[in-house]
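Every read-out reported here was derived from the displayed coordinates using simple, explicitly stated rules and does not represent laboratory data. These numbers come from a predicted model, not from an experiment. Reconstructed Cβ throughout: ideal geometry from the backbone, glycine too, with neighbour counts over all protein chains shown.
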Amino acid sequence: MGGRGPASKSPRVRGGRRAERLAPYVLVAPAVLIIVLLRLWPLGLGVNFSFTGDGEDNGTTVGLGNYAELIDDPLFRTALRNVGLLVLLLPVAVAIPGLLATFIYLRVPGHRFFRSVYFFPAVLSPVIVGAIFNLLLAYDGPLNAVLGGAGLGRVDWLGDPDVAMFTVVGVHIWATAGMALVVFLAGFATLDSALLDAARVDGASLARMIWHVIIPGLSRTIQFVVVTTMIGMLTSMFGLLYVMTSGGPEGSTYLPEYYIWVQQGQMSRPALASAASTLLFLIMLVVGLLQVGLLRRAGRED
């Protein structure tokens, strides 16, 4: 009898283990199905549509014609150059909320001010933010009045092709820093405070604590903020661009998402817009894959 007990239970045990293995897949299956139907299927249709023509060629296969037209379009090349500018400014967009979160966590003098106002811009609509900064940054607006009073020259913040894109990106960073700051504060909750205490006992300066303790301890949080901030720059600046510059001056503030809207909504070129959307998706995919690679490498190092 004793010998048959374990044998008689083994099928049940195996069945239970099999059910445990399958349970996660069953639970996520509805979400995966929704994503496929609402995301991947339309994406596939859009990619397929990008190989067809517009106007008289609507529905006719044109191969890579739309992509060749994009490469030849100066406005789209400007949009891609501005993507490169976003990549260069990405460290600034990550460092600002990171430093604010550090001040709040370490209770650096002034941290109460940051804690009180850090999230306010994040609750404002991009249209409202753009309208406010249009008033502040107008050539005869308050900011230039202050600069003029200080003996400095006026700056055409939104009318100078060499300055306008930096201005819009700066406003975007101001408006979205609160969300990244919340993520950083959540990361600080997982940081070993004993390391900070030891650094204080050793007399480490704030800069050394940030460089040798905080940044290594928040490496995964920083990686997450980097990729989400970059994707936000690529996909969430339309409202600001539309309100503040409308792509100008001279097309200098075009980004792929604004270019897509112009081709679809104003030029009635849906196939060309689909091709631009496909390229934007590929850009974001590359960013995502780089993030996955960084996370895996960080996991191996841990």
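Relative contact order of the chain: 26 percent, from C-alpha pairs under 8 Å at least 6 residues apart in sequence.
Between Arg17 and Leu40, the contour length at 0.36 nm per residue exceeds the Cα-Cα span by 5.0 nm. In order along region 206-214, phi translates into HN-Hα couplings of 4, 4, 5, 4, 5, 6, 9, 10, 6 Hz, rounded to whole numbers, per the Karplus curve 6.51 cos²θ - 1.76 cosθ + 1.60 with θ = phi - 60° and x for Gly and Pro.
Among Leu234, Leu255, Leu136, the residue with the largest mean-square fluctuation in a Gaussian network model of the chain, with springs joining Cα atoms closer than 10 Å, is Leu136. Listed options for Cα Rg over 2.2 N^0.38 Å are [x] 0.92; [y] 1.33; [z] 1.13. The value calculated from this structure is the one marked [y]. Using a Gaussian network model of the chain in which every pair of alpha carbons under 10 angstrom is joined by a spring, one finds that among Ala31, Ala177, Ala186 the greatest mean-square fluctuation is at Ala31.
Charged neighbours of Pro256, selected by a Cβ distance under 14 Å, balance to 0 (K, R count +1; D, E count -1).
Using θ = phi - 60° in the Karplus curve 6.51 cos²θ - 1.76 cosθ + 1.60, the 3J(HN,Hα) couplings for region 75-92 round to 5, 5, 5, 4, 4, 5, 4, 5, 4, x, 5, 4, 4, 5, 8, 4, x, 5 Hz; x is entered for Gly and Pro.
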